[in-house]
1. Give the residues of the stretch 62-88 that are in contact with a strand residue (DSSP E or B) (Cβ under 6 Å, 6 or more places away or on another chain), among the small types (Gly, Ala, Ser) and more than 23 Å from residue 18 (Cβ to Cβ), sorted by residue number.
2. Kindly indicate the residue of the stretch 89-110 that is more than 16 Å from the chain's Cα centre (by Cα) and polar (S, T, N, Q) and also surrounded by the most Cβ atoms within 10 Å (Cβ to Cβ) among those meeting that condition.
3. For residue 34, are the conditions met, namely being surrounded by 17 or more Cβ atoms within 10 Å (Cβ to Cβ), in contact with a Ser or Thr (Cβ under 7 Å, 6 or more places away or on another chain), at pLDDT 95 or above and farther than 29 Å from residue 135 by Cα?
4. Among the residues of the stretch 22-48, what is the count of those that are of a type in the set (Lys, Arg), assigned to a loop (DSSP other than H, G, I, E, B) and at negative phi?
5. Among the candidates 29, 56, which residue alone is more than 19 Å from residue 6 (Cα to Cα) and not acidic (Asp, Glu)?
6. Assess whether residue 19 counts as being out of contact with any His (no Cβ under 7 Å at 6 or more places or on another chain), charged (D, E, K, R) and outside any strand (DSSP E or B).
7. Let me spell it out: the conditions are (1) surrounded by fewer than 12 Cβ atoms within 10 Å (Cβ to Cβ); (2) at pLDDT below 95, and residue 2 meets all of them except one. Which number is the exception?
8. So which residues in the stretch 99-140 are under 15 Å from residue 65 (Cα atoms), in a helix (DSSP H, G or I) and either touching a Gly at 6+ places or on another chain (Cβ under 7 Å) or small (Gly, Ala, Ser) (or both), if there are any at all?
Amino acid sequence: MIIRKCIEEDIVQLSLLFDQYRVFYKKNSDIEGATFFLRTLILYNASTIFIAVNSSNIITGFVQLYPLYSSTRMKPLLLLNDLFVSPDYRGTGISKLLIEAVKKHCVEVSSCALILETAKNNIAANSLYKSTSFLLDEEHNYYEWAP
């Protein structure tokens with residue numbers, strides 16, 4: 001399994017997997033929208049996406065990072081917003097390989113931290129993040145406002 005940064009030529013194939021990710025989170029399938037969204041992010045360097053590619057050149061998983069900034073630390077901060085592995089490849093260690101790649105990237109770009117959020121009832125994700133040295137912040141509440 002090869003873990004590498006996504007490039008423009010990967011977008012069409014990645015869009016299919018990204019659509020599966022969105023459907024997992026109860027969104028309607030929209031492959032055309034996914035393709036446009038990912039192409040825009042990559043072309044404008046608005047996110048960094050790492051992909052897992054198998055020996056048949058099939059994208060089996062991805063992780064997407066968004067850049068943020070910490071005012072108190074006065075440094076860049078990365079948000080791990082999306083992590084998904086094709087159901088056919090779960091349990092093979094791809095998630096851990098993707099996380100290790102983004103940790104390395106975090107160091108390379110001098111980010112002060114890598115942050116993420118997952119649902120409390122997402123047992124698999126919570127177990128994964130704990131097993132890859134993420135620390136759970138039980139002190140803060142997460143709030144959202146949407147227009």
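1. Residue satisfying the conditions is 70 alone.
2. Once the filter is applied, the top-ranked residue is 92.
3. Details: surrounded by 17 or more Cβ atoms within 10 Å (Cβ to Cβ): yes; in contact with a Ser or Thr (Cβ under 7 Å, 6 or more places away or on another chain): yes; at pLDDT 95 or above: yes; farther than 29 Å from residue 135 by Cα: yes.
So residue 34 fits the description; yes.
4. Within the stretch 22-48, the first condition is being of a type in the set (Lys, Arg), and the residues that meet it are 22, 26-27, 39.
So of that shortlist, the ones also assigned to a loop (DSSP other than H, G, I, E, B) come out as 26-27.
Imposing the further condition that a residue be at negative phi reduces the set to 27.
Qualifying residue count for the region: 1.
5. None of the other options fit; the residue is 29.
6. Yes: the conditions hold for residue 19.
7. So the condition that residue 2 fails would be (2).
8. Listed by number, the list holds a single entry, 101.
The values are calculated or read from the model by the stated rules, or taken from the named source; none is laboratory data. Keep in mind it's a predicted model, so treat the numbers as computed, not measured. A quick note on method: Cβ atoms are made from the backbone with ideal geometry, for glycine too, and the neighbour counts reach across all protein chains shown.
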